[in-house]
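Trainee: My questions will all concern the structure given below.
The values are calculated or read from the model by the stated rules, or taken from the named source; none is laboratory data. Fair warning: this is a prediction, and the values are worked out from it, not measured in the lab. Reconstructed Cβ throughout: ideal geometry from the backbone, glycine too, with neighbour counts over all protein chains shown.
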Amino acid sequence: MRRARRLFGLAGLALAVGPADAGSVWVASQQGARAARIERPDGAPAAEVAVAPSPAVVAAGPGGRLYLSHPDGRAITVIAADGATRQWPVPGQPFGLAADPDGRFLYVGDWSGNRVLRLSAATGAVEAEVAVGPDPAGLTLGANGRLYVAEREGRSVGVVDTARMVRIAGIPVGDGPFALAHDPVRGRVYVANVRSNDLAVIDAGALKPVATLPVGASPYGVAVSPDGRRVVVTNQHAGTVSIVDADTLTVAATVPVGRYPEGVAILEGLAYVANWFSDDVSVVDLAARTETGRIPVPEGPRTLVAAQTAPVSAQAGR
Amino acid sequence: MRRVLTSLAILFAAGTALAHGPTPQKIDQTITIRATPDAVWKVVGPFGGIGAWHPDVAKVEATGGDGAGAVRKVTLKRGGTLVEGLDEWKGAERTYSYRMSDPDLDALPVSSYSATLTVTPDGEGAKVEWMGRFYRGDTGNEPPENLSDAAGKEAMNRYFSEGLKGLKAKLESGPQR
């Protein structure tokens, strides 16, 4: 009880100052059933919010809102900018999430249902669905309302036209595509293939494969720097991250991190890596190509998101 | 109602062994052995040599030696075969990492796993850590009891524990080094 009240107090304090600061990273801890907010690369989490059991994926919507999926609990948790939480029931096994930047919709992958649901971001109601390839894992939104879906057992990335909720293409990638990230600067989608140990690069407009490059064992998370120059891939089974140069599409550095690194997010030249087994977040300086710190977080951190704390209007031009 | 039934049908149809599922589980076991790390690694290090120290193992067919991509097919005495692929083998650091290739629920009630075995010095002797990550045998939302998280944890813990105890017994019963 005392712990719960302390956490609540911290959450309220940190969230209240959220919109004015330079941004932060949120991590979803599955066993710990918490979302933790990291504000400084050299300090403990500034806030923790208790949520329902086993959150897997965290995504950020506009206005400081966060979403977490609960595949075992058939639910989505919504955390408002003021720290208030509520839950939406969702059919199937909700896993991958993508929030549209206008704040109208949340897209939810149903892992065992092989479909993507479109929820109203206002009410949580399921408004539409589209069938996709087997075991949809990561989701990411690109330009022109296109949603890219890592179809883990389909060895493909499905592309959904969200205006019509129609799957318009399936792009062949490697074996076991799990995570993906969109780069608006170069118009690419990067895909981590967990079984073939490589990173596929897709032309997001032409919907065609561009290249594939080997990374480490079990690539499980991927993030692109805001300028599009660097791509960071977590190698879950190797305990490393690969820093990829986007111009040459080669691995510029391989940096050791904690045990079983999974999700990754980039904020201000630093990559934050969720080390699922060692229950901490590695901070990797992308210029120096070294791990500069490790932040203990609640048990089982799986995914991270760099929260959009700047006003929505300022986001659009980036 | 029809919609609910359709959803259920999809859910059950997807509950195959290939499905990967949402909530991974940890396993982490260690044992100390009265032998030098080099002596322990000589026994436990060869990827295809698990039959020499794991008491549950009936037979091993291995290809590829200790190179990345090597495969071992481990047939257990109680039935079932684990097909495992080697990701990384570092002799200088006395560690190797591998992962399941194909699930066999008769061998272990899990649908996917990866693991790392590491030998480190511990005083005069050695410490062996065997740790990993796995998913329950049925990754749907309503797993039967024998394919639940609890069943997976129990089976994996037993398999790792029996293996480490077997390794210790083999090394400590031999001539003193």
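Trainee: Give the residue, chosen from A:200, A:206, that is modelled with pLDDT of 95 or more, hydrophobic (A, V, I, L, M, F, W, C) and not in a strand (DSSP E or B). Full working, then the answer.
Mentor: Working: A:200 fails: not in a strand (DSSP E or B).
On inspection, the qualifying residue turns out to be A:206.
Trainee: Hey, another quick one. Give the number of residues within the stretch B:72-87 that are away from chain A (no Cβ under 14 Å) and in a strand (DSSP E or B).
Mentor: Number satisfying all stated conditions: 7.
Trainee: From the list A:124, A:64, pick out the single residue that is within 30 Å of residue A:292 (Cα to Cα), more than 13 Å from chain B (Cβ to nearest Cβ), touching a strand residue (DSSP E or B) at 6+ places or on another chain (Cβ under 8 Å) and surrounded by fewer than 24 Cβ atoms within 10 Å (Cβ to Cβ). Give the derivation first.
Mentor: On the way: A:124 fails: within 30 Å of residue A:292 (Cα to Cα).
From the options A:124, A:64, the qualifying one is A:64.
Trainee: Within the stretch A:118-165, how many residues turn out to be among the aliphatic types (A, V, I, L, M) and within 27 Å of residue A:185 (Cβ to Cβ)?
Mentor: Here the count works out to 13.
Trainee: So, one more: Being under 27 Å from residue A:151 (Cβ atoms), polar (S, T, N, Q) and out of contact with any helix residue (DSSP H, G or I) (no Cβ under 8 Å at 6 or more places or on another chain) is true for just one of A:123, A:85, A:77. Which residue is that?
Mentor: Numbers: A:123 fails: under 27 Å from residue A:151 (Cβ atoms); A:85 fails: under 27 Å from residue A:151 (Cβ atoms).
Being under 27 Å from residue A:151 (Cβ atoms), polar (S, T, N, Q) and out of contact with any helix residue (DSSP H, G or I) (no Cβ under 8 Å at 6 or more places or on another chain) holds for just one of A:123, A:85, A:77, which is A:77.
Trainee: Here's something else I'd like to know. Quick check on my filter: what residues within the stretch A:251-265 are more than 13 Å from every other protein chain (Cβ to nearest Cβ) and part of a loop (DSSP other than H, G, I, E, B)?
Mentor: If the condition is that a residue be more than 13 Å from every other protein chain (Cβ to nearest Cβ) and part of a loop (DSSP other than H, G, I, E, B), then A:257 is the only one that fits.
Trainee: Still on this model: In the list B:76, B:105, which residue meets the criterion of being touching a residue at least 60 places away in the same chain (Cβ under 8 Å), of a type in the set (A, V, I, L, M), farther than 17 Å from residue B:30 by Cα and surrounded by fewer than 21 Cβ atoms within 10 Å (Cβ to Cβ)? Talk me through it step by step, then tell me what you get.
Mentor: Details: B:76 fails: touching a residue at least 60 places away in the same chain (Cβ under 8 Å).
None of the other options fit; the residue is B:105.
Trainee: Which residues, taken from the stretch B:144-159, are free of Cβ contacts under 8 Å to residues at least 60 places away in the same chain and within 12 Å of another protein chain (Cβ to nearest Cβ)?
Mentor: We begin by selecting, within the stretch B:144-159, every residue free of Cβ contacts under 8 Å to residues at least 60 places away in the same chain; these are B:144-148, B:150-151, B:154-155, B:158.
Answer for the stretch B:144-159, where residues must be free of Cβ contacts under 8 Å to residues at least 60 places away in the same chain and within 12 Å of another protein chain (Cβ to nearest Cβ): just B:148.
Trainee: Quick check on the stretch B:8-31: of everything there that is at pLDDT 70 or above and either at the interface with chain A (Cβ under 9 Å from one of its Cβ atoms) or surrounded by 15 or more Cβ atoms within 10 Å (Cβ to Cβ) (or both), which residue is farthest from residue B:139 (Cα to Cα)? First the steps, then the outcome.
Mentor: Our first condition is that a residue be at pLDDT 70 or above; within the stretch B:8-31, this holds for B:23-31.
From what is left, the residues that are either at the interface with chain A (Cβ under 9 Å from one of its Cβ atoms) or surrounded by 15 or more Cβ atoms within 10 Å (Cβ to Cβ) (or both) are B:23-29, B:31.
Values: B:23: 8, B:24: 10, B:25: 12, B:26: 16, B:27: 18, B:28: 21, B:29: 24, B:31: 31 Å.
Within the stretch B:8-31, the match that is farthest from residue B:139 (Cα to Cα) is B:31.
Trainee: Still on this model: As an exercise: evaluate residue A:118 against (1) in a strand (DSSP E or B); (2) surrounded by fewer than 18 Cβ atoms within 10 Å (Cβ to Cβ); (3) of a type in the set (Lys, Arg) and give the number of the one condition it does not meet.
Mentor: (2)
Trainee: Starting from residues that are buried (at least 16 other Cβ atoms within 10 Å of the Cβ) and more than 14 Å from every other protein chain (Cβ to nearest Cβ), keep the ones in the stretch A:193-209 and report whichever is farthest from residue A:234 (Cα to Cα). Give the steps one after another, and end with the answer.
Mentor: Start the filter on the stretch A:193-209 by keeping residues that are buried (at least 16 other Cβ atoms within 10 Å of the Cβ), which leaves A:193-202, A:204, A:207, A:209.
Now restrict to residues that are more than 14 Å from every other protein chain (Cβ to nearest Cβ): A:199-202, A:204, A:207, A:209.
Working: A:199: 11, A:200: 14, A:201: 16, A:202: 19, A:204: 22, A:207: 24, A:209: 21 Å.
Ranking the qualifying residues of the stretch A:193-209, first place goes to A:207.
Trainee: Another question, if that's okay. Is it the case that residue B:145 is surrounded by fewer than 19 Cβ atoms within 10 Å (Cβ to Cβ) and at pLDDT below 95? Full working, then the answer.
Mentor: On the way: surrounded by fewer than 19 Cβ atoms within 10 Å (Cβ to Cβ): yes; at pLDDT below 95: yes.
The answer is yes for residue B:145.
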